[in-house]
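**Student:** There's a structure below that I have some questions on.
Bear in mind that the values in this text are calculations on the coordinates, not laboratory data. Predicted model only: the values in this text are computed from it and were never measured. In this analysis, Cβ positions are derived from the backbone assuming ideal geometry, glycine residues included, and neighbour counts consider all displayed protein chains.
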Amino acid sequence: MKNLLSFQPRRLAVGLLFTLFSSAAAVADDGPWVHDLDAAFAKAVETGKPVMAEFTGSDWCPPCQMMNERVFSQQEFLDKASEKFILAKVDMPRGDDAVREANEPHVRKHEVRGFPTIILFDSEGKEFSRFVATAHPNVEAFLGHLESELAKKDMQ
């Protein structure tokens, strides 16, 4: 009986550590997405690329989840969009207070009123386009819209 009791805490600790490291690895490997808008702006200055910021509620917003599944997680989108943009994800999850609190100032500053909202910024951080992501619900339509917004910006 004593061995059984001493085994359980170790087993629980090993399980918790495995879960913690698995979760951290999943979050850390999000392809080209940057999860800090200020870091995305710094990268934009460095590279000269504009920023595409997705304002999302990843754990509670059905349209956000649909867009992530159909567009933002698709390799074709990631490859093509990241050639021309720094991709930033500004998440407002209900299940992660720290992430939500870190991103709330950006949501307020940029006056985001709904999710999923996309804001395109030039490499100096100036907004040049804003739209609701669900207006372009597949990879082809979304990439086409990004191209047309870049073309309009270049014509200004």
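**Student:** Listed highest first by mean packing, meaning other Cβ atoms within 10 Å per residue, what order do 92-104, 108-120 come in?
**Tutor:** Numbers: 92-104: 14.3, 108-120: 16.5.
Highest to lowest by the protection proxy: 108-120, 92-104.
**Student:** Give me the lysines in straight-line cross-link reach of K126: C-alpha distance below 29 Å, same-chain residues under 8 apart excluded.
**Tutor:** K43, K49, K80, K84, K89, K109, K152, K153
**Student:** By per-residue mean of other Cβ atoms within 10 Å, what is the highest-first order of 128-136, 147-155?
**Tutor:** Ranking the peptides 128-136, 147-155 by packing returns 128-136, 147-155.
**Student:** At 7 Å along the Cα-to-beta-carbon direction for both A151 and F128, put a label point, then send me their distance in nm to one decimal.
**Tutor:** Using points 7 Å along Cα→Cβ, the separation is 1.4 nm.
**Student:** What nm value, rounded to one decimal, do you get for the distance between K109 and D38 when each label is placed 7 Å out toward the C-beta?
**Tutor:** With each label placed 7 Å out from Cα toward Cβ, I get 0.8 nm.
**Student:** Could I get the Rg over Rh figure for region 18-156? Both from C-alpha atoms, Rh via Kirkwood, rounded to two places.
**Tutor:** 0.95
**Student:** Find how much the distance from T47 to W60 grows on full extension, using 0.36 nm per residue of separation minus their present alpha carbon separation; answer in nm with one decimal.
**Tutor:** Working it through step by step, the gained length comes to 1.3 nm.
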